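J.: Could you have a look at this structure, given as structure tokens, before my questions?
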Amino acid sequence: MEHEHTKQMALEYHKRTGFPFVTLKTAMTLDGKIATSTGDSKWVTNELSREDVHRMRHWMDGIMVGIGTVLKDRPSLTTRLPEGGGKNPTRIVADSLLRIPLDTPLVTTTKDAPTWVFCTDQADTEKEKQLIEHGVKVVRTGSGPHVDLVKAMKHLGENGITSVLLEGGGQLNWSMLEAGLVQKVVTFIAPKLLGGKESITPISGQGFERMGLAVPLKNVTVQHFGEDICISGYLDQVAAGTQD
């Protein structure tokens, strides 16, 4: 029911603003780590938590990652429900210079699920042609140096994407949060301790300089998936250019 409720909220938000409703999903250890210093992240949470993530994907129009996640994990970003079936969301990649490999699953499986890549004007035009030949949609967002995330979200909203599951790394998560593009946060917490000052956290970037600037969540709920805990909440964020 929770995922259906989020879908309904997404439809209402999209109708008001023209932008997709973005859910930032993270999975971390009790001490706030999503991966080791070497990038090892399989698996932070248990199987029940991972099954619920696939149910979330089923209800979403899009699923978004950054190029770093693509290069490190080579994800397929499809839906695999334990009972079988499930709808695949549109795969969305923020990739300023089109570094996405032609042999990565997001490029080779476009017949199973669409893949859209957002880049800057600095991206190689020949690589763009190759991606298009593989069935990938490429959208340039301007001069850069980074993908204009507000323009990207606006483009998604204009093309029928009402909801996006953000499964990015720390930098993309921060950039989306900083731009006011996140409306909900879902965090799965595993009862394990990893440690390490170089271990990877779910939101990195510059961060806010004062505790008073931290983004609060409201209407917080807590669920249990085995020994894992899932905390969900909503943000009062509105991106520049929306009419919310």
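Bear in mind these aren't lab numbers, they're just calculated from the coordinates by the rules spelled out. Remember, it's a predicted structure, so these values are computed and weren't measured experimentally. Glycine also receives a Cβ, built like all others from the backbone with ideal geometry; neighbour counts cover every protein chain displayed.
J.: Strictly over 23 Å apart at the Cα level, which of Lys42/Lys72; Lys33/Lys111; Lys25/Lys151 would you flag in this model?
T.: Cα-Cα > 23 Å for Lys33/Lys111; rest within.
J.: Using a Förster radius of 35 Å, what is the FRET efficiency between Asp31 and Val139 based on their Cβ-Cβ separation? Nearest 0.05, please.
T.: According to the calculation, E is roughly 0.40.
J.: Determine the principal axes of the Cα atoms in the chain, then give the extent along each, sorted from largest to smallest and rounded to whole angstroms.
T.: 48, 41, 39
J.: Follow-up question, since we're still on this one. As a test, work out the antiparallel percent of DSSP beta bridges whose residues both lie in region 2-234, rounded to the nearest 5.
T.: 30 percent
J.: If I stretch the segment between Glu227 and Ser76 completely, what's the gain in nm (0.36 nm per residue apart, minus their alpha carbon distance), one decimal?
T.: 51.7 nm
J.: Scan region 173-231 for trypsin sites (Lys or Arg not before Pro) in coil per DSSP, keeping those whose Cβ has at most 12 other Cβ atoms within 10 Å, and list them by number.
T.: Lys197, Arg210
J.: In which sequence would His58, His5 go, from the one with the fewest C-beta neighbours within 10 Å to the one with the most?
T.: Least to most surrounded, the residues fall as His5, His58.
J.: So what is the calculated 222 nm ellipticity per residue for the chain, using -39500 (n - 2.57) for each DSSP H run with n of 4 or more, over all residues, to the nearest 500 deg cm²/dmol?
T.: Calculated mean residue ellipticity at 222 nm is -8000 deg cm²/dmol.
J.: Let me ask something additional. If contacts are Cα pairs under 8 angstrom and at least 6 residues apart, what is the relative contact order of the chain in percent?
T.: In percent, rounded to a whole number, it is 29.
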